[in-house]
C-alpha cells in the first residue's frame, strides 16, 4: 500500500520593505508680493525655528513717509469736514428764516414788488450757499474715502515688505541684502515642523486592500494608515504610486530613514 504524505508548509505573508525619510509636513516657498530693494536678510535665522522674527526686509522708507503724510491729510480733511458741517448748519438756519420771511410778504398786497424781489433774492442766495456747502461736504467725504483707501493700501504694502515668521522653520533664505525683488520673486523656503510625514512609492500589488493592512515602523506595529494615495503612477517612479503617512508628532530628527512595512 502506498501512502501519500502531504507536507503542509505555512504560508508566510511577506511584506515589501520600504525606507522613508521623516519629512516636514509641509514646505512652502515664500514669494515677494511687492517690489523693492532687500535692505536686510536674516541669514543667521537659517536652520532655526523663528518665533515672531523678521527674516526679510524690503525697503519701505518712502512708503512710511507717504503713509504719514496721507494720515495727516486725512486728519485735515476731517477738520475741514467738521467746519463745513457747522457752516452748513448755520446756512440752513439762515435759509429757513429768509424763506419764512419771503413767504410772509409774498402774498401781501401792501408789500412792493421790489421788497418781494429782495426777499426772494436773499432767500435764493442763502439757499445757493447752503447747497454749495452741502456739495463741498459730499466732495470732502469722497476725498476722505479715497484717502482711507490709500492709507489701507500703504499699510498693506508695508506689511508685505517686512516678512516675519511665527513658529515656522526657516530652511533657506533665497535673497541677500542688496538684491532687488519684484512680485513673485522667491524669498525663502519655510517648513512646518509641527507634524511630519513619510513618503512611500508602492507597487500595484501593495495597494490592493491597503485600507485593511497594518503599518509597521522600524519593526513595530502602529495604528497609522495611508493618509493619501495617488491613483496615477509617479512621474519619476513610473511603475509605483506615491503614498503618504502622516505622523501626529514630529520626530526628534527629521530626514532620518525609517523602515516601513505594510502587511
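The values are calculated or read from the model by the stated rules, or taken from the named source; none is laboratory data. Everything quoted here is computed from the prediction, not taken from an experiment. Using ideal geometry, Cβ is built from the backbone for each residue, glycine included, and neighbour counts are taken over all protein chains shown.
Data overview
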{"read-out": "Residue in segment 150-168 that is part of a strand (DSSP E or B) and within 17 Å of residue 22 (Cβ to Cβ) present", "value": "no"}
{"read-out": "Matching entry among 43, 30 (being in the same structural domain as residue 168 (by TED's automatic domain parsing) and under 17 Å from the mean Cα position of the chain (by Cα))", "value": "30"}
{"read-out": "Number of the condition not met by residue 63 [criteria: (1) surrounded by 15 or more Cβ atoms within 10 Å (Cβ to Cβ); (2) touching a strand residue (DSSP E or B) at 6+ places or on another chain (Cβ under 8 Å)]", "value": "(2)"}
{"read-out": "Qualifying position, being over 40 Å from the mean Cα position of the chain (by Cα), in the same structural domain as residue 86 (by TED's automatic domain parsing) and surrounded by fewer than 17 Cβ atoms within 10 Å (Cβ to Cβ), among 126, 132, 152", "value": "132"}
{"read-out": "Residue within segment 206-213 that is outside the structural domain of residue 75 (by TED's automatic domain parsing), part of a strand (DSSP E or B) and more than 30 Å from residue 64 (Cα to Cα) present", "value": "no"}
{"read-out": "Where residue 178 falls short, out of the listed (1) more than 15 Å from residue 246 (Cα to Cα); (2) touching a strand residue (DSSP E or B) at 6+ places or on another chain (Cβ under 6 Å); (3) surrounded by fewer than 13 Cβ atoms within 10 Å (Cβ to Cβ)", "value": "(2)"}
{"read-out": "Evaluation of residue 110 against (1) in a loop (DSSP other than H, G, I, E, B); (2) over 18 Å from residue 33 (Cβ atoms); (3) not assigned by TED's automatic domain parsing to the domain that holds residue 78 (one fails), failing number", "value": "(3)"}
{"read-out": "Test set (1) without any contact (Cβ under 8 Å) to a residue 24 or more places away in the chain; (2) touching a helix residue (DSSP H, G or I) at 6+ places or on another chain (Cβ under 7 Å); (3) not in a loop (DSSP other than H, G, I, E, B) - residue 53 fails condition number", "value": "(1)"}
{"read-out": "Residue match in segment 254-263 (condition: within 18 Å of residue 206 (Cα to Cα) and part of a loop (DSSP other than H, G, I, E, B))", "value": "yes"}
{"read-out": "Tally, over segment 96-105, of residues that are closer than 22 Å to residue 129 by Cα and in contact with a helix residue (DSSP H, G or I) (Cβ under 6 Å, 6 or more places away or on another chain)", "value": "4"}
{"read-out": "Given (1) outside the structural domain of residue 183 (by TED's automatic domain parsing); (2) at pLDDT below 95; (3) surrounded by fewer than 13 Cβ atoms within 10 Å (Cβ to Cβ), index of the condition residue 116 fails", "value": "(3)"}
{"read-out": "Test for residue 22: is it closer than 30 Å to residue 205 by Cβ, surrounded by 14 or more Cβ atoms within 10 Å (Cβ to Cβ), at pLDDT below 95 and touching a helix residue (DSSP H, G or I) at 6+ places or on another chain (Cβ under 9 Å)", "value": "no"}
{"read-out": "Evaluation of residue 83 against (1) under 30 Å from residue 70 (Cβ atoms); (2) touching a residue at least 40 places away in the same chain (Cβ under 8 Å); (3) in a helix (DSSP H, G or I) (one fails), failing number", "value": "(2)"}
